[in-house]
């Protein structure tokens, strides 16, 4: 095959590049430890990128944290010990999904509160609009006005002059 197949090109273009962030020299020889390292790395926030895990990030700090995770795994630390070590060093901000606690209530409570606020605002604005349109409905015509309107529509009206 001389040319790259179009589907192969699409696969390359739309494949996530996150697996390329971990350098070959970082990968542990023990597949079980490497799987644990990748799982932990996916839970930790890159302090430079802030919206990526250290497993996805190519930042030098993310590289250092991935190496640190692997070193601690090789030293025999449990997954939770490694996470606790990094939280003690960088704070809960290093966690992509921080636990619910008294100081993260705003973080966890803000999205539902904003949705609830939006629903309340939609209901309030809807009621106000309905009330405003009800107030603008013209009153019914009196009998004299209806008779005059009928004359105008028939063309019987006398022109003043």
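Every number here is computed from the coordinates shown, using simple stated rules; none is lab data. Treat the numbers as computed from the prediction; the structure is a model and nothing was measured. Because the Cβ atoms are built from the backbone with ideal geometry, glycine has one as well, and the counts that use them run over all protein chains shown.
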Practice task
Look at residue 122 and say whether it is in contact with a strand residue (DSSP E or B) (Cβ under 8 Å, 6 or more places away or on another chain) and surrounded by 10 or more Cβ atoms within 10 Å (Cβ to Cβ).
Solution key: no
Handout entry: Condition check for residue 60: under 27 Å from the mean Cα position of the chain (by Cα) and over 22 Å from residue 26 (Cα atoms)
Key = no
Problem - Index of the failed condition, residue 52 passing every other in (1) in contact with a strand residue (DSSP E or B) (Cβ under 8 Å, 6 or more places away or on another chain); (2) surrounded by fewer than 16 Cβ atoms within 10 Å (Cβ to Cβ) - result: (2)
